[in-house]
Amino acid sequence: MEKDMQTIYQSVLSRGFSRRDFLKMCAVLTASIGLDYSQNSEVVKAMEVSKRVPVIWLQLQDCTGCSESFIRSSHPKIESVLFNMISLEYTEALSAASGHQIEEARKHVIENYPGEYILAVEGSIPMHDEYLMIGGVSAKQTLLETAKHAKAILAYGSCSSWGGIPAAYPNPTGAKPITDIIKDKPIVRVPGCPPIAEVMTGVIAHLITFGTVPELDHHGRPKAFYRHRIHDKCNRRAFFDSGLFVESFDDEGAKQGYCLYKVGCKGPTTYNSCAEMRWNGGVSYPIQSGNPCIGCSESNFWDNGPFYTRMAKIPGTQTTINPEVVGAGVIGATVAGIAVHAAVTAVMNKKSDKSNKKDKVDTSDKGESREEDK
Amino acid sequence: MAERIVIDPVTRIEGHLRIEAEMHNGVIQDAFSSGTAIRGLELIVQNRDPRDVWAYVQRICGVCTSTHALAAIRSVEDALDIKVPRNAHLIRDLMNAAVMLHDHVVHFYHLHAFDWVDVLNALQADPKQTSTIAQSISNWPKSSPGYFKEVQQKVKNIVDSGQLGIFANGYWGHKEYKLPPEVNLLAVAHYLEALDWQKEIVKVQTIFGGKNPHPHYVVGGMATPLDINSDNGIHAERLSHVSQLIDEAMVFVNEVYIPDVMAIGSFYKDWTYGGGLNNYLSYGDFSTGDIRDVNLYRMPRGVILNGDLSNVMDVNPKDPDQVKEFIDHSWYTYDGQASGGKHPWEGETNLNYTGPKGSYSTLNTADKYSWIKSPRWKEQSMETGPLARMIIGYAAKKPEYIESVDSALSKLGLPFAALQSALGRTLARALEAGLVSKWMRDDMDSLIQNIRNGDQVTFNNSKWDPSTWPAQSKGVGWIEAPRGALGHWIRIEDGKTKNYQAVVPTTWNASPRDHKNQIGAYEAALKGTPIADPENPLEILRIVHSFDPCLACAVHLTDLHNDQMTEIRIG
């Protein structure tokens, strides 16, 4: 089943980049998935020998918000994800094919890439088969059939991770997370409503680069992105500690950026990267924009409201990490952010310099031979 | 001999849509549109705090994200008689315009273009000629032969890799693709550019609403504080960022999107199918004053029946005799009855699936066949969306609408009637993006002027406390969403959501037959269309996609059944 396929390294070369560019990309990736630079050589090696990993993306009881978030990824850019890193062979949102043709595409992946493809799942699944049918069979059966030969499964969003909004009271369909259906495969929970774009693509980058599931917490979430509460990294944290609170939206405290806890902020109980990575390429996140967090990456958050009522007490003011490590993490993230930006800029400049130069690449190159820097 | 084509699922839409078409001598004789999945949001919001409802119903749809939230917010503000500050109104309009532009562009390039553009055929193109074409239709700077050669190489690499990804199993090579290779290459280049641009325009929502998809709103205004002298408020840097995004959007819409639609459309002028009902509905939106000042709407309100442009009728979403949802061919009951129509304030969501048990090859379309209800205006089927709005704006003699439509049609050498087609719908969407991008610029200028005048208020807290509310109230929130007229009807009792009904654009457009056996907009648009190859019914996708379907919107009720065939059947 050896096909005429390029490795990621070859793919990068054939797009007009040099080996030096490629190494920079690997450095960016290393930083963006939260590794230190000593691990860069592993990233380089993985990207040299990996084919584009086939991905099947199933949409169950969903709103397509996770797919939409995914395509907002800034680093890596979605074009790079779709055409350099993965081969998204089945997606109801973007696939050219409809009807039986798209179903054939899914089966083709299962048959030709057993144990090699990633299954991404968006949306919850109802308890009874007849509530969700795909291709004349139940969605549950399709999910199990597709999961069976998957290398890994990504539960994208709070619906597939926890049940999400279809499972909110009174949960009329008996909606369940996919972790209730699939028990024999590694499942990475990537919760959020939706998850942050770069978290979604970052998890894929980890899987591809290392061929392993990232280190997960006891809920199955990647520690790289869900280790801390938003409260721990919140830009308004100093005001919480000082007891300065917004009492009403648009009051003087709101304009000064005081803590939103008293208007219902769920940051103290929500594990997510919003405060650190922020949204849409780092532009903002709800708290920065003056809105209390609704805790959208937490299990059962829809039934933990009302949203604008403060919690009686803050559970677990202590994280599992000692303050020194937390501090190092913050500095590390800042440095990585700068490195990412610098590397991307460097690569982009390089690319525009010589967009037409390289049209050919020796596809027999398996990564052993090195094209040296100019 | 009659045969039935089934497409299920229809991809490149939001949600799960099934189309069954009866063919006779190669032409669609009759068509049936079915929503085969439902969720439970209207039931789930019952008894919740009305101030929280926006977040729940926002999850009706992650594609037209924010439109349902705003409709919900407006319904509560209508019920409680809350007037929002000028700045909040402007910020909401900026956010709504951002999603409108995002949605229209993504729809054209990423959901619809493959119905007109043969990606693989782009490999045959001469990049120099593509460059010449690109430079003849637009001033967009990315137009050199080298640039298009690079794009072509990207496509070649994907094809050579043997992993086609999202292009896998498309209808490539279908004889209904009419573009020369050079124009196909141009479209593929802009597919990739639009993919990059779409992540930018949504930052308007991120700045004001904290994230996208699913930004935050608040009943009474916006929680985002304006304070040009605070490091935590919306200040000059944030405003400049928004302003820049708007400028870039205007350029992208006017130099890439509209010229592409015109160029591609010019090769399909004789493909005039997909018109449909000729009944059009718009609630209107983008008020230059308050949302309740209907006379100040830039996007006008109205109804046109049977294509009669001389008579734009008024619409009142509160009138119990105007908007009603019928269930005669939908899997619901009203008061225990299997038929009838109700105004949304009286609406019910009692599920009653009577379709085939287990797998099915065709639905019993003589009976009930969809989870989508049939909304009707004065018991008439309606089309809603960009085409409806452009035609209503034209008929209402709005100068900018007339100028936009006349100019585009004269460039293409087409009569007005050509608008009433799948291609016309796609053109209307692009032209509307041109208007909305201009209004967005105007709204931004107004916001800055307002701040300059010393007004930095974004929130009205006078009715925030539920103790200030009447024991019972009801309201309607309407909005023109990318796909059309969206209304949310709420009843509030004792501080809780007593009842909630959303009637959304795709419910209008994708509705099944009603109590009078009147067909819905998709069904009407498909009738009479010749299908060249029933195994590869490109024409059906072309017409259905021209409406930009959003099925999770259309069927937001309990997910009792999601029966998908995932196949094209011929039987």
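What follows draws every value from the coordinates through simple rules; no lab data is involved. Just so you know, these numbers come straight off a predicted model, no measurement behind them. Cβ atoms come from the backbone with ideal geometry, glycine included; neighbour counts cover every protein chain shown.
Projected onto the charge dipole of the protein assembly as shown (+1 at Lys/Arg Cβ, -1 at Asp/Glu Cβ, origin at the Cα centre), which of B:Phe252, B:Met23, B:Ile402 gives the Cα projection farthest towards the positive end?
Farthest towards the positive pole: B:Phe252.
Which cross-chain or sequence-distant (5 or more) residues have an amide H under 5 Å from the amide H of B:Ser330, H modelled 1.01 Å from N in plane?
B:Tyr369
Using the crude model of +1 on Lys and Arg Cβ and -1 on Asp and Glu Cβ, and no other charge, please compute the dipole size for the stretch A:134-286 relative to its Cα centre, in debye to 20.
On the way: 18 positive and 13 negative charges, 89 e Å.
In total the dipole reaches around 420 debye.
Shielding by partners for B:231-239, please: the mean number of other protein chain Cβ atoms within 10 Å of each residue's Cβ. Each step should come with its number before you reach the end.
On the way: counts 3, 12, 6, 3, 0, 0, 0, 3, 0.
Mean partner-chain Cβ count within 10 Å for B:231-239: 3.
Using the C-alpha atoms of the stretch B:1-149, what convex hull volume per residue, in cubic angstrom, is computed? Mind showing how you got there, number by number?
Details: hull volume 29.6 nm³, N = 149.
Enclosed volume per residue, from the Cα hull, is 198 Å³.
Given the protein assembly as shown, report the % of alpha carbon pairs whose separation exceeds 46 Å. It would help to have the intermediate numbers written out before the result.
On the way: 93328 of 446040 pairs.
Counting pairs separated by more than 46 Å, the tail of P(r) holds 21 percent.
What ranking do B:His102, B:His235, A:His231, B:His16 get, fewest neighbouring Cβ atoms within 10 angstrom at the top?
Details: B:His102 30, B:His235 16, A:His231 25, B:His16 33.
Taking fewest neighbouring Cβ atoms as first place, the list is B:His235, A:His231, B:His102, B:His16.
Would you mind checking which residues have amide H under 5 Å from B:Leu226's amide H? H placed 1.01 Å from N; only 5 or more apart, or other chain.
Placed amide hydrogens put B:Ile234, B:Thr458 under 5 Å from B:Leu226.
Tell me the Kirkwood radius of the stretch A:250-304: reciprocal of the mean inverse pair distance over distinct alpha-carbon atoms, in Å.
Working: mean 1/r = 0.0843 Å⁻¹.
Roughly 11.9 Å, rounded to one decimal.
Would you work out the relative contact order for chain B, in percent, from Cα pairs under 8 angstrom that are 6 or more residues apart? Don't skip to the end; give the middle numbers.
Details: 1199 pairs, mean separation 163.1, N = 571.
Rounded, it is 29 percent for chain B.
Using the basic label-point model (7 angstrom from Cα toward the beta carbon), what is the B:Asp247 to B:Thr354 distance in nanometres?
For the pair B:Asp247/B:Thr354, the computed spacing is 6.1 nm.
Can you work out ³J(HN,Hα) from phi for every residue in the stretch B:293-298, in order, using Karplus 6.51 cos²θ - 1.76 cosθ + 1.60 and θ = phi - 60°, giving whole Hz and x for Gly and Pro?
8, 4, 5, 9, 6, 6
To the nearest 20 debye, what is the magnitude of the charge dipole of the stretch A:228-321 about its Cα centre, counting +1 on the Cβ of each Lys and Arg and -1 on the Cβ of each Asp and Glu?
160 debye
Under a 5 Å amide H to amide H cut-off, with H placed in plane at 1.01 Å, what residues pair with A:Ser87 once short-range neighbours are removed?
Amide H neighbours of A:Ser87: A:Val53, A:Val55.
In Å and whole numbers, how far do the C-alpha atoms of the stretch B:395-509 stretch along each principal axis, longest first?
Sorted largest first, the three principal extents are 61, 42, 20 Å.
Per residue of chain B, what 222 nm ellipticity follows from adding -39500 (n - 2.57) for every DSSP H run with n ≥ 4, rounded to the nearest 500? Mind showing how you got there, number by number?
On the way: 17 runs with 204 residues, N = 571.
It comes out at -11000 deg cm²/dmol, rounded to the nearest 500.
What average count of beta carbons from other chains do you get within 10 Å of the Cβ of residues in A:69-76?
Working: counts 8, 0, 5, 10, 1, 3, 0, 0.
If you average over the peptide's residues, the count of other-chain Cβ atoms is 3.
What are the ³J(HN,Hα) couplings of the stretch B:304-312, residue after residue, when phi is run through the Karplus curve with 6.51, -1.76, 1.60 and θ = phi - 60°? Round to Hz, x for glycine and proline.
Rounded to whole hertz, the list is 10, 10, 6, x, 7, 6, 7, 9, 8.
Over the alpha carbons of the stretch A:228-321, what is the largest minus smallest coordinate on each principal axis, giving the biggest first in Å?
Extents along the principal axes, in whole Å: 33, 33, 26.
Can you tell me the dipole magnitude for the protein assembly as shown around its Cα centre, using point charges on the Cβ only (Lys, Arg +1; Asp, Glu -1), in Debye to the nearest 20?
Working: 95 positive and 110 negative charges, 237 e Å.
Charge dipole of the protein assembly as shown: 1140 debye, to the nearest 20.
Count, for each residue of B:145-155, the Cβ atoms from other chains sitting within 10 Å of its Cβ, then give me the mean as a whole number.
On the way: counts 1, 4, 3, 0, 3, 7, 0, 1, 8, 7, 1.
The per-residue average across the peptide is 3.
Between B:His515 and B:Ala471, what FRET efficiency comes out of the Förster formula 1/(1 + (r/R0)^6) with R0 = 30 Å and r the beta carbon distance, rounded to 0.05?
Details: r = 35 Å, r/R0 = 1.17.
Taking R0 as 30 Å, the efficiency between B:Ala471 and B:His515 is 0.30.
Taking the number of other C-beta atoms within 10 Å as the exposure measure, put B:Glu255, B:Glu248, A:Glu198 in order starting with the fewest. Each step should come with its number before you reach the end.
Details: B:Glu255 17, B:Glu248 13, A:Glu198 27.
The most exposed by this proxy come first: B:Glu248, B:Glu255, A:Glu198.
Which one of B:Gly528, A:Ala139, A:Cys274 is farthest out on the positive end of the charge dipole of the protein assembly as shown, using unit charges on Cβ (Lys, Arg +1; Asp, Glu -1) and the Cα centre as origin?
Selected residue: A:Cys274.
Hey, rough spin-label estimate for B:Met313 and A:Phe210, points 7 angstrom out along Cα→Cβ, what's it come to in nanometres?
According to this spin-label approximation, the distance is 6.4 nm.
Given N residues in the stretch B:209-254, what is Rg(Cα) / (2.2 N^0.38 Å)?
On the way: Rg = 12.9 Å, N = 46, 2.2 N^0.38 = 9.4 Å.
In units of the 2.2 N^0.38 Å rule of thumb, it is 1.37.
Sorted from largest down, give the three principal axis spans of the alpha carbons of chain B, whole angstrom values.
68, 60, 49
Do the alpha carbons of any pairs in A:Lys151/A:Lys176; A:Lys107/A:Lys148; B:Lys128/B:Lys411; B:Lys142/B:Lys203 sit beyond 20 Å of each other, and which pairs? Don't jump to the answer; show the numbers that get you there.
Working: A:Lys151/A:Lys176 22 Å; A:Lys107/A:Lys148 12 Å; B:Lys128/B:Lys411 25 Å; B:Lys142/B:Lys203 23 Å.
In this structure, A:Lys151/A:Lys176; B:Lys128/B:Lys411; B:Lys142/B:Lys203 exceed 20 Å between Cα atoms.
Using only the alpha carbons, work out the radius of gyration and Dmax of the stretch A:55-169 in angstrom.
13.9, 42
Any idea which of B:Gly336, B:Tyr360, B:Gln322 is furthest toward the positive side of the dipole for the stretch B:321-362, if Lys and Arg beta-carbons carry +1 and Asp and Glu beta-carbons -1?
Value: B:Tyr360.
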